[in-house]
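Working notes for the structure below.
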Amino acid sequence: MQFWQYAAGLFLIAFAPLLGILLAKISSDERKPGEKWFVLLRYCILGFTSLMLLWLRRDSVWLASAIVVGTLLFVGRSYPLLHSALVGLAYWQATKTVLLLEISFGLILLGIVGGTLHAAPRSLRQRMFWTNQFSDFAIVIWPVLIALPLYFF
């Protein structure tokens, strides 16, 4: 895989939460009824992506246990920087597998759903919506900072 392909896929994954915020802004009335389905979709995508990575890395005990621990950390508590770092690491691991497209698609969907769920309903009607959301979502750069240097390993 060439560097520009790696970086392009990584930037698509990193800016998926902004697309989710845009989705929440466009359809702010539908956000509340769809929230329970987005939470369910988030866990399904996370489980599917984790299972694919786990199946592809089943020969290495250390990588398999790291995937399980990363998934449990992602589900357990809400640490946005940790979530973004885990997405960057998952993308790096996906580039080493045959199912790069499928895993990358799952990570992009995970970002869109996360961005939609992150946008607070009352902030969707504010005039300075994008200013507030960009300050909250400065963490979208973390997957890039984690996975970009890993390309060289």
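The values are calculated or read from the model by the stated rules, or taken from the named source; none is laboratory data. All values derive from a computational prediction rather than experimental measurement. Virtual Cβ from ideal backbone geometry, glycine too; neighbours counted across all protein chains shown.
Brief remarks on what is shown
- Checking F11 against (1) in contact with a Ser or Thr (Cβ under 7 Å, 6 or more places away or on another chain); (2) assigned to a helix (DSSP H, G or I), the condition it does not meet: (1)
- Test: K32 is in a helix (DSSP H, G or I), exposed (fewer than 12 other Cβ atoms within 10 Å of the Cβ) and in contact with a helix residue (DSSP H, G or I) (Cβ under 9 Å, 6 or more places away or on another chain): yes
Yes/no per residue for (1) at pLDDT 80 or above; (2) farther than 20 Å from A147 by Cβ:
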site	(1), (2)
A8	yes, no
F15	yes, no
Y43	yes, yes
L46	yes, no
F74	no, no
A90	yes, no
K96	yes, no
L110	yes, no
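- The C-beta contact set for the range 87-99 (first residue free of Cβ contacts under 8 Å to residues at least 60 places away in the same chain, second residue in a loop (DSSP other than H, G, I, E, B), distance under 8 angstrom, 6+ apart or interchain) comprises W92/Y151; Q93/R57; T97/R57.
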